[in-house]
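Before any comments, here is the structure.
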């Protein structure tokens, strides 16, 4: 009896220590997954290099595998379309200066930054930037939103004068950032109105237009967004759109092929999520089996497991 008791104690302790050293089941919750997610591409790279003697792989190689895994969860109906959009990483590069992590890692980052900007006082530019930079993910999400919006607008507009207006606004923003006069040159109290108008525009863009009426709604939403951005948000933006007639004639010539393209619709969905996701997105996915599969997938990258032998070296099941 004493031998059995001591054996049970020894096996429990030895199994626990061995499992901890082998990183078995380290990731058990979605919170732990979010904390360890950014180290998953490097773990994936090490697994690939060790198995196939390949050279260094970038983060997009991991994103391809991750997206295939998330797509399989959607095909089996473990997650909804919205949850899939939150979990998916961008399928291809859009020349962004930051790594575009899946949206579920960036939940509430941009809304929080917008609230900080709305409550900031004139002259506190440096303090505002430093507060946003305290959370690196929040800072990168803001950068991604701005750069993505500029890329979308430039590709969406066909008229040269419309593109010039976007470039002029971009120059003003960058000069304000460089000179630390962002709060002096823009009315931050109106940034919420700008965000809401942009969300309405993105909502129309990510819903593929089916008729001329929908296309007209997109034009109207774009014109409203540009007017609010230049007249309400920018303190010296009245000269960009000089009069009512010019406003009605601007931003009417759009590249509808871009709107219907799957790549760009993915960008519209991602930007819409970054602007609207709240803290509740941290519970994605809600399906328990989907959570179990995701945590198992993540754990498989960190566990120390023996390498599978080559097929020709395997022992046959036949005697």
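Each peptide in 164-174, 146-156 was scored by the mean count of other Cβ atoms within 10 Å over its residues; highest first, the order is 146-156, 164-174.
For the pair residue 134 and residue 95 in one chain, pulling the backbone fully straight at 0.36 nm per residue adds 11.6 nm over the alpha carbon distance. Using R0 = 51 Å, the C-beta based FRET efficiency linking residue 175 and residue 68 works out to 0.75.
Mean separation of Cα pairs under 8 Å and 6 or more residues apart, divided by the residue count, gives the stretch 105-284 a relative contact order of 35 percent. As a rough guide to protection, the peptides 79-89, 290-300 ranked by mean Cβ packing within 10 Å, highest first, stand as 79-89, 290-300. A simple spin-label model places the labels of residue 29 and residue 215 5.2 nm from each other, with each point 7 Å out along Cα-to-Cβ. A Förster radius of 41 Å combined with the Cβ-Cβ distance from residue 303 to residue 235 puts the calculated FRET efficiency at roughly 0.15. Each peptide in 137-144, 113-120 receives the mean, over its residues, of other Cβ atoms within 10 Å, and ordering these scores from highest gives 137-144, 113-120. Between residue 75 and residue 124, the modelled label-to-label distance comes to 5.1 nm, taking each label 7 Å out from Cα in the direction of the beta carbon. Taking 0.36 nm per residue of separation and subtracting the current Cα-Cα distance, fully stretching the chain between residue 282 and residue 3 would add 95.7 nm.
Read-outs throughout are calculated quantities, based only on the coordinates presented, and are distinct from any laboratory measurement. All values derive from a computational prediction rather than experimental measurement. Virtual Cβ from ideal backbone geometry, glycine too; neighbours counted across all protein chains shown.
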